[in-house]
Amino acid sequence: MWSVLRRQQGEDYELPPPTRGNYTENLNHIARFESKPNAVPHDPHLLTEPYEARVYKKLINHLGSQDLILRQKAVKALILQFGQNIEHVARAVEEGVVPALIQALKDEDEVVRVDACIAMAKVVQHPSGQEAILSKHFEINLKEAVYDVPRVAVEALKTLQAMDSHWNDRAGTKALIYCPCHDMPCIELYIKMAHEGNDDVKSEALKALTKVYNVKEAYLKVLHAGTMPILTKLLASESKEVLEHAADNIALLCFYSAGKRAAVVDPSTAKQLIELMPHDDTQVRIAVSAALMGITIDNVGKELMIANGGIEQILERVQNEDNDTVLINVIKTICNVSENPAARPPLMACVMQLQTIKEDRKENKVLMNSATRAIEMTTWKP
């Protein structure tokens, strides 16, 4: 036992001799370690692990240490604790971990700031953690971290995404949207980062923007902030993550009539989405096909689909697509576009393939029903 404790404290230790259960041997073994006159001084950078609840107070104290190595070790230890059991978050919050981590977001060391954001992402997912943040308006500090260097900004954006929670009626997201007057609302912040950041920051900012739609009133706020033109520009990105999340946002905005109208104001929005339909990445195709499905509900969207080669891309996808989600979205787009009389003659070329899907894919009810409906609408005659 003494060897274990000395090893835990970072001191030299000796393995105990093989024991035969002899009481005298055990006493002699303990005496060898007890009789050392002067203990070796601890390594000043050594972070030992205290037992039970004492660990939280010690780690929190080390977050404010003058020793950079101890600060780095302390925040990494918190991340490890939070990852093992969510109850560690609740107990650490009781000990005051939230103000300590908020202060760590301003640390001079980039590694500490990055890890502080990662730890905060764990904290905000616990009710007591999010309550501690919202009660003191610490979400403002989280948004300020988005302006940091890209590595920190990415983790800060992930933390803001994690604040979206169903168990408190999206209180975290609402606090980010309806913020104090001196602070930038999260919608404008996300749009700014999506427009100005590097690809990693843009991707996380767009993912964070998709969270605000869980608050119904946010749709119009996003549109009024001039989001659609920026999303259209991002469709020219070479990053598949940026493409995916930009198309995701367009698809979500198109759930509302105002979003559909905004998506067809600039014809290049539909044109670029059509050009992305055969993209190599499956997730990009899923997002793009969902966006086109929403846009083509609008009559102008149907016309743009016809004018920009969308029918040809639809025929190619129906014939060659291997992902069911993309295929369902494309078939639903056929239903939308076929309401335009000019689209029905060229769409007749896919009726046989739709019939095959209907007969061969009965295990997928959504796909089978979508194919049935598309056949009916494509072959309909007045």
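The values are calculated or read from the model by the stated rules, or taken from the named source; none is laboratory data. Computed from a predicted structure; not experimentally measured. No Cβ is skipped: glycine too gets one built from the backbone with ideal geometry, and neighbour counts run over all protein chains shown. These area figures cover heavy atoms from the full protein model, side chains too; ligands, DNA and RNA do not enter into them. Shrake-Rupley method; radii C 1.70, N 1.55, O 1.52, S 1.80 Å.
Could you figure out which of (1) out of contact with any Ser or Thr (no Cβ under 9 Å at 6 or more places or on another chain); (2) under 24 Å from Ala74 (Cβ atoms); (3) not aliphatic (A, V, I, L, M) isn't true of Glu188?
(2)
Identify the residue in the stretch 225-246 that is open to solvent by less than 50 Å² (accessible area, probe 1.4 Å) and farther than 15 Å from Tyr190 by Cα and, among all such residues, is farthest from the chain's Cα centre (by Cα).
As a first pass, look at the stretch 225-246 and keep what is open to solvent by less than 50 Å² (accessible area, probe 1.4 Å): 225-228, 230-232, 234-235, 237, 239, 242-246.
Those still in the list that are farther than 15 Å from Tyr190 by Cα too: 232, 235, 237, 239, 243-244.
Values: Thr232: 21, Leu235: 19, Ser237: 19, Ser239: 16, Leu243: 15, Glu244: 13 Å.
Ranking the qualifying residues of the stretch 225-246, first place goes to Thr232.
Can you confirm whether the stretch 131-149 contains a residue that is open to solvent by less than 30 Å² (accessible area, probe 1.4 Å), among the charged types (D, E, K, R), at pLDDT 95 or above and outside any loop (DSSP other than H, G, I, E, B)?
no
Out of the stretch 188-224, which residues are surrounded by 17 or more Cβ atoms within 10 Å (Cβ to Cβ), without any contact (Cβ under 8 Å) to a residue 40 or more places away in the chain and more than 16 Å from Cys254 (Cβ to Cβ)?
Tyr190, Ile191, listed by residue number.
How about the stretch 247-303: which helices (runs of 4 or more DSSP H) wholly inside it have at least 3 residues that are without any contact (Cβ under 8 Å) to a residue 24 or more places away in the chain and open to solvent by 10 Å² or more (accessible area, probe 1.4 Å)? Walk me through it before giving the result.
Values: elements: 257-263, 267-275, 282-295.
Those helices (runs of 4 or more DSSP H) do not exist here; none qualify.
When the stretch 101-120 is examined, which residues are found to be in a helix (DSSP H, G or I), open to solvent by less than 20 Å² (accessible area, probe 1.4 Å) and of a type outside the set (D, E, K, R)?
Within the stretch 101-120, the first condition is being in a helix (DSSP H, G or I), and the residues that meet it are 101-104, 110-120.
Still in the list and also open to solvent by less than 20 Å² (accessible area, probe 1.4 Å): 101-102, 104, 112, 114-117, 119-120.
The answer is Leu101, Ile102, Ala104, Val112, Val114, Ala116, Cys117, Ala119, Met120.
How many of the residues making up the stretch 151-187 are within 17 Å of Ser237 (Cβ to Cβ) and open to solvent by 70 Å² or more (accessible area, probe 1.4 Å)?
Adding up the residues that qualify gives 0.
For the stretch 87-100, give me each residue that is touching a helix residue (DSSP H, G or I) at 6+ places or on another chain (Cβ under 9 Å) and open to solvent by 10 Å² or more (accessible area, probe 1.4 Å). I'd like the intermediate steps shown before the answer.
Step one: filter the stretch 87-100 for residues touching a helix residue (DSSP H, G or I) at 6+ places or on another chain (Cβ under 9 Å), giving 88-100.
If the condition is that a residue be touching a helix residue (DSSP H, G or I) at 6+ places or on another chain (Cβ under 9 Å) and open to solvent by 10 Å² or more (accessible area, probe 1.4 Å), then His88, Ala90, Arg91, Val93, Glu94, Glu95, Gly96, Pro99, Ala100 are the ones that fit.
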